[in-house]
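The values are calculated or read from the model by the stated rules, or taken from the named source; none is laboratory data. Please read all numbers here as calculations on a predicted model, not as lab measurements. No Cβ is skipped: glycine too gets one built from the backbone with ideal geometry, and neighbour counts run over all protein chains shown. These accessible areas exclude ligands, DNA and RNA; they are computed on the full protein's heavy atoms, side chains included. Shrake-Rupley method; radii C 1.70, N 1.55, O 1.52, S 1.80 Å.
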Amino acid sequence: MTKHYDFLFVGAGLFNATIVSKAVKKGKKCLVIDKRNHIAGNIYTEETHGINVHKYGAHIFHTDEKEIWNFVQEFAEFNNYINSPIANFNGKLYNLPFNMNTFHQIWSDVITPDDAKNRIESQAKAMKMALNGNEPKNLEEQAISLIGKDIYEILIKGYTQKQWGRKCTELPASIIKRLPVRFTFDNNYFNDRYQGIPIGGYTKMVEKMFEGAEIRLNTDFFDEKDSLLNLADKVVFTGMIDEFFDYKFGKLEYRSLKFESEVLECENYQGNAVVNYTDDKTPFTRIIEHKHFEFGTGPKTIITREYPKTWSRGDEPYYAVNDTKNSELYQKYKALADTQNKVIFGGRLGMYRYFDMDDTIIAALKVADEIL
């Protein structure tokens, strides 16, 4: 391992792919390592029966930033997929996000935007009166004070409790700052100007981003940490920040996911790419039917059931648990990270936060500007 590089990138996901695409253009020698047997991190797609399967959950690219949209177009052509998920609550179907279709499905006598506003306000008012001027103490009180009891019970409560593994009365109100509500008949989940899926899958896109870099897969950074750190002048680390520092201040909490995929001998299983199961009895949170992301028409289909779970060592950490306790603990690690001259921490695990894909690219481009 005597070969020397300008940069070592720990993690072959979107954050590092973004920086590498800029570094290679500037003639930098880059080594990328990943403990998995593939590139692209959690946006990895794998073709099976002519269908690009999102192996780590649904990923729909969306952004309001023209610069970011132009950037990803350098590496892939995007289709015009629009994310319009469906909610299944005890066998009844509802459109998401909350819009006039949803309101009429819940309350058949709600026909106009004013009807919907009045119904929501009357239910939210009851919670606000019960709070008697006090701030909501938990997620349940916060949600009902924003959207009313009916929408909360049907579309938020069960799904959220499964997602976080706790009752809504035990979750902090801060998790829900606001709930987007539309008083139009618009099922487009995102408000962003640009949206789509890369034709041929995300893996091909990330392959192009990594062109010109050396990639070593099945390589665990922590198995040979010291020797790897000595290989490059700078290191961009996108793994778990607490693990990097040997859990010096204690372990940060994460939520994990389990995926169960199935090939079905039918052309169309559920008629939509994403169906959320918002009751609390169904153990999974959603079913993804992958062919709909790219408008597939083949004779088979592939579905994936997504089960949230508590993270433990050996599991893939997907979501940071950004409550007060963990946020304070992260700040200790961040202060330690800021003292590192050679190592830069990035991505959802290195920065202990949730990132949409466009946010990931924005954050990575900022780092690229600073180090290149």
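The C-alpha atoms of the chain define a longest principal axis, and helix 113-131 lies at about 80 degrees to it. Each residue was assigned an accessible area with a 1.4 Å probe, and for Leu365 the value is about 30 Å². When DSSP beta bridges are limited to those with both residues in region 1-94, what percentage is antiparallel, rounded to the nearest 5? Once the DSSP bridges in region 1-94 are tallied, antiparallel ones form about 65 percent.
Tyr94 exposes around 20 Å² of accessible area when a 1.4 Å probe is run over every protein chain in place. Taking 0.36 nm per residue of separation and subtracting the current Cα-Cα distance, fully stretching the chain between Ala126 and Tyr354 would add 78.8 nm.
Taking the longest Cα principal axis of the chain as reference, the axis of helix 14-25 is set at about 40 degrees. Among the protein heavy atoms, those of His4 account for about 90 Å² of accessible surface (1.4 Å probe, every chain in place).
Residue pairs exceeding 24 angstrom between C-alpha atoms, taken from Lys309/Lys342; Lys157/Lys258; Lys225/Lys251: Lys309/Lys342.
For helix 357-371, report the angle its Cα long axis makes with the longest principal axis of the Cα atoms of the chain; keep it between 0 and 90° and round to the nearest 10°. On a 0 to 90 degree scale, this one is about 30.
The label point for Asn70 and the one for Lys117, both projected 7 Å from the Cα toward the Cβ, are 3.9 nm apart.
For Ser327 and Tyr269, the difference between the fully extended length at 0.36 nm per residue and the C-alpha to C-alpha distance is 16.8 nm.
GNM remark for the chain: springs join alpha carbons under 10 Å apart, and the peak mean-square fluctuation among Val343, Val206, Val263 falls on Val263.
Among Gly212, Gly27, Gly57, the largest mean-square fluctuation in a Gaussian network model of the chain, built with springs joining Cα atoms closer than 10 Å, belongs to Gly27. Sorted from longest to shortest, the spans of the Cα atoms of the chain along the three principal axes equal 72, 52, 36 Å. Projecting the Cα atoms of Trp69, Leu146, Pro172 onto the dipole axis of the chain, where Lys and Arg carry +1 and Asp and Glu carry -1 at the beta carbon, places Pro172 farthest toward the positive end. If Lys and Arg each add +1 and Asp and Glu each add -1, what is the summed charge of the other residues whose beta carbon sits under 9 Å from the beta carbon of Phe183? Once all neighbours under 9 Å are counted, the net charge is +1.
Summary value for the chain: 26 percent relative contact order, contacts being C-alpha pairs under 8 angstrom separated by 6+ residues.
Count Lys and Arg as plus one, Asp and Glu as minus one, and take only other residues whose Cβ is under 14 Å from that of Ile287; the net charge is then 0.
Of the residues Cys30, Cys266, Cys168, the one that moves most in a GNM of the chain with alpha-carbon contacts below 10 Å is Cys266.
For region 22-115, the list of GluC sites (Glu not before Pro) that fall in a loop by DSSP and count at most 14 other C-beta atoms within 10 angstrom reads Glu74, Glu77. Of all DSSP beta bridges confined to the chain, the antiparallel ones make up roughly 65%. Our estimate of slack between Ile199 and Ser174, defined as 0.36 nm per intervening residue step minus the Cα-Cα distance, is 5.3 nm.
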